[in-house]
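**Q** Structure provided below as structure tokens; questions to follow.
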Amino acid sequence: MLKKVDIRFIKKPDELKLKNPILIEGLPGIGHVGKLVADHLVKELNAQLVVRIHSHYFPPQVIVLENGTVRLPVNEVYAWKSNGAAPDLLILVGDFQSISSEGHFELANAYLEIAKLFEVKRIYTLGGYGVGRFVEEPYVIGAANKYELVEEMKKYGIRFEPGEPGGGIIGAAGLLLGMSMLEGIEAVCLMGVTSGYMVDPKSAKAVLDVLTKILNLEVSKEALEQRAKEMEKIISQIKEMHEITMQQWRSDEDLRYFR
């Protein structure tokens, strides 16, 4: 029987023996920025699956796999134990966020319960900030649940701009910031500026660059850089097609003027 929020541990905290791990949340959102970063970290660090989360609050569907079988939507937590200067990590990735407001709160509660079990003291949530136009050089804006964190993050070039993001931060990336305050957990949201029109690996790369500096984490960025280059080609083609369309429209307007 599937519970409304169904948490299934593959590995328990006492089995992993992580030391003061940091939780990184990267669920689907604007430009898939956070998801791209979190998925990249899981793959490059060869992180270990420790928790699966199923829920009534995910879309009512199954996902069809390449071999014709199906699986339920799932969000997962992966663990990585550092052997160097970087901290131990828990990385939250997955298929979906909630389809309802109630579900967003229930799932955020579940993520925080997992964080508390692993004795997490700081959370980084990742996302995109859509500006409605193509961004040539993405940068990262931030929000935090303590002013001391704002000052700390500014040292890494993260921008904290008055009134931004307008309308607040929706979903897990925002709720974890607010709800973690009630649990005494520090939290920062890192948002890559993006058009919001499409998946944006270039913005994800900007977030990854900042995050790895903060965590003193060495990880290959080649795969994400390659995806960013491929997306740049697509955007260039879109811009070219748009310019051709605009030139045609101006030409048609000129012709109508002389009739």
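**Q** Just to verify a result, which residue in region 99-156, among those that are acidic (Asp, Glu) and closer than 28 Å to HIS54 by Cα, is surrounded by the most Cβ atoms within 10 Å (Cβ to Cβ)?
**A** Ranking the candidates gives GLU106 first.
**Q** Same structure again: Considering only residues that are of a type in the set (S, T, N, Q) and out of contact with any Gly (no Cβ under 8 Å at 6 or more places or on another chain), look in region 56-97 and name the one that is modelled with the lowest pLDDT.
**A** Going through the qualifying residues, I end up with ASN83.
**Q** Among the residues of region 210-220, count how many are in a helix (DSSP H, G or I) and farther than 14 Å from TYR139 by Cα.
**A** 4
**Q** State which residue pairs qualify: first residue polar (S, T, N, Q) and inside region 170-183, second residue modelled with pLDDT of 95 or more and not in a helix (DSSP H, G or I) in any location, beta carbons under 8 Å apart, and separation of 6 or more residues or different chains.
**A** Here the result reads SER180/ILE123; SER180/ASN145; SER180/GLU186; SER180/ALA187, each pair linking region 170-183 to a residue that is modelled with pLDDT of 95 or more and not in a helix (DSSP H, G or I).
**Q** Something else now. Evaluate the following for SER82: is it under 28 Å from GLY192 (Cα atoms) and more than 18 Å from the chain's Cα centre (by Cα)?
**A** yes
**Q** Moving on to the next point. From (1) assigned to a strand (DSSP E or B); (2) in contact with a His (Cβ under 7 Å, 6 or more places away or on another chain), pick out the condition that doesn't hold for VAL50.
**A** The number of the failed condition is (2).
**Q** Which one of these is assigned to a helix (DSSP H, G or I), among the β-branched types (Val, Ile, Thr) and buried (at least 17 other Cβ atoms within 10 Å of the Cβ): VAL193, VAL207?
**A** VAL207
**Q** What about ILE214, is it at pLDDT 95 or above and either under 26 Å from LEU107 (Cβ atoms) or buried (at least 20 other Cβ atoms within 10 Å of the Cβ) (or both)?
**A** yes
**Q** In the list VAL135, VAL93, VAL120, which residue meets the criterion of being assigned to a loop (DSSP other than H, G, I, E, B), in contact with a strand residue (DSSP E or B) (Cβ under 7 Å, 6 or more places away or on another chain) and either farther than 17 Å from ILE185 by Cβ or free of Cβ contacts under 8 Å to residues at least 12 places away in the same chain (or both)?
**A** The conditions single out VAL135.
**Q** Looking only at region 54-71, which residues are without any contact (Cβ under 8 Å) to a residue 24 or more places away in the chain, in a loop (DSSP other than H, G, I, E, B), surrounded by 10 or more Cβ atoms within 10 Å (Cβ to Cβ) and among the hydrophobic types (A, V, I, L, M, F, W, C)?
**A** VAL62
The values are calculated or read from the model by the stated rules, or taken from the named source; none is laboratory data. Everything numeric here is computed off the predicted structure, so don't read it as measured data. All Cβ positions, glycine included, derive from the backbone under ideal geometry; neighbour counts span all protein chains shown.
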